[in-house]
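Here's the structure, in structure tokens; my notes come after.
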Amino acid sequence: MSRAHRIDTHQHFLPPRYAEWLHEKGIRPGGVELPKWSPSAAVRFMDGHGIRTGILSLSTPGVYFGDRDEARRWARKINEYAAELVKDHPDRFGQFATLTLPDVDGALTEAEYALDVLGADGIVLLANNDGRYLGDPEFAPLLEFLHHRSAAVFTHPGELPAPEVPDVPTFTADFLLDTTRTAISLILSGAIEQYPDIKFILAHAGGFVPYISYRILLTILNTKNRAQQAWAMLNQDRQVHKELEPLRRFYYDIALSSSPAALPSLLEVAEPTHITYGSDYPFAPAAAVTFLNRTYQKYPLDHGLRTAIDRGNSEALFPRLQA
């Protein structure tokens, strides 16, 4: 029996046939080669890194490549594969189900099947889908469904809808901007207010969201009338707290973000109950996770907060994993 205790909300998987499919298409997610993955290797990794349960998700690029029917077939295959893993190892694995956006009808069908039939723990959505971010009005029917289901939605970056910069890997900065864009899209569109029962988990500590929170604040204030802007200036302390409240609704994982540069910004912005542990395995190799775990362990967090990040906050999101 493993003595590991963490719940990892940012752990990926690569079903063998899916990996072959991406190879056939010549796809390198995030500008890197596909890592090797197997259930047994994932368990060994978790045992070596203090992780009891990994909630598995498909990373970018997902399953949609312009063919709606193809995307629907692959989403079903992948979700049923993950459900079997969870069935066989319920304490070691969880499942964020893959959908078919920007195909909204397919996404609704698959979300209902995954949650009701397969018992998925939540849903994974890419930050942008065919260049459209999650606050796009076309995605409203899916968000409304997920709101009524009080779903946990892991929001993972995809490829930016923009040209790559030569010699700069996508995962270095583009991924962080993609997550940031979708968070702002959800705020400015009003979706974060309209669908408050969706528990959005932003990957990689929200990308740039914590660091640029006051730029987001100024953007929010820019949508107000002049009287509201003047009141915000006069009553600054109270109004800043109020206008930044949408950022506190998000959940944030610490995958590849548990550094002394990133954690202070995250802790300043996020609710302490809304931070979860993440590894980004297997796209983050074991050595990188070891390095960042050591950095995380050295960071001066009080015991209660560290325990909450490692496990308690995820137990509240996923009651079946409560010890």
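Quick note: the coordinates plus some simple rules give every number you see, no bench work behind them. Predicted, not measured: the structure shown is a model, and the values here were computed from it. A quick note on method: Cβ atoms are made from the backbone with ideal geometry, for glycine too, and the neighbour counts reach across all protein chains shown.
What 222 nm value per residue comes from the helices of the chain, counting each DSSP H run with n ≥ 4 as -39,500 (n - 2.57) and dividing by all residues, nearest 500 deg cm²/dmol?
Numbers: 15 runs with 148 residues, N = 323.
Value at 222 nm, helices only: -13500 deg cm²/dmol.
Send over the Kirkwood Rh of region 182-323, from the inverse of the averaged 1/r over different Cα pairs, rounded to one decimal Å.
Details: mean 1/r = 0.0611 Å⁻¹.
The answer is 16.4 Å.
What number does the chain give for Rg over Rh if you use C-alpha atoms and the Kirkwood radius? List each step's numbers first, then the result.
Numbers: Rg = 19.0 Å, Rh = 20.0 Å.
Dividing the radius of gyration by the Kirkwood radius yields 0.95.
Determine the percent antiparallel among the DSSP beta bridges restricted to the chain, to the nearest 5. Can you show the working numbers first?
Values: 2 of 25 bridges.
Antiparallel bridges: around 10 percent, rounded to the nearest 5.
So for LYS25, LYS224, fewest C-beta neighbours within 10 Å to most, what's the order? Could you put the intermediate results ahead of the total?
Details: LYS25 9, LYS224 14.
Fewest-to-most Cβ neighbours within 10 Å comes out as LYS25, LYS224.
Ranking MET46, MET233 by Cβ neighbours within 10 Å, fewest first, what do you get?
Values: MET46 22, MET233 9.
Neighbour counts put them in this order, fewest first: MET233, MET46.
Tabulate in residue order the Karplus-calculated ³J(HN,Hα) for region 88-103, using 6.51 cos²θ - 1.76 cosθ + 1.60 with θ = phi - 60°, rounded to whole Hz; enter x for Gly and Pro.
Couplings: 6, 9, x, 8, 9, 10, x, 9, 9, 6, 8, 10, 10, 3, x, 6 Hz.
Starting from the Cα of LYS87, draw a straight line to each of the lysines and keep only those under 29 Å, dropping any in the same chain fewer than 8 residues away.
Output for LYS87: LYS36, LYS77, LYS199.
Out of region 83-172, which trypsin sites (Lys or Arg not before Pro) are coil in DSSP terms and have no more than 12 other C-beta atoms within 10 Å? Write down the numbers at each step before the final one.
On the way: sites: LYS87, ARG92, ARG132, ARG149; in loops: ARG92, ARG149.
Sparse-neighbourhood loop trypsin sites (Lys or Arg not before Pro): none present.
For region 218-232, take each phi angle, set θ = phi - 60°, evaluate the Karplus expression 6.51 cos²θ - 1.76 cosθ + 1.60, and give the result in whole Hz per residue in order, putting x for glycine and proline.
5, 5, 4, 5, 5, 8, 8, 7, 5, 5, 5, 5, 5, 5, 4
Top mean-square fluctuation among HIS49, HIS23, HIS12, Gaussian network model of the chain, C-alpha springs under 10 Å?
Greatest mean-square fluctuation among the candidates belongs to HIS23.
Using a Gaussian network model of the chain with C-alpha springs under 10 Å, which one of THR180, THR223, THR53 is most mobile by mean-square fluctuation?
The residue that fluctuates most here is THR223.
What are the ³J(HN,Hα) values, in whole Hz, obtained from phi via the Karplus relation 6.51 cos²θ - 1.76 cosθ + 1.60 with θ = phi - 60°, for each residue of region 76-83 in sequence order, with x given for Gly and Pro?
Each residue's phi maps through the Karplus curve to give 4, 4, 5, 5, 5, 4, 5, 4 Hz.
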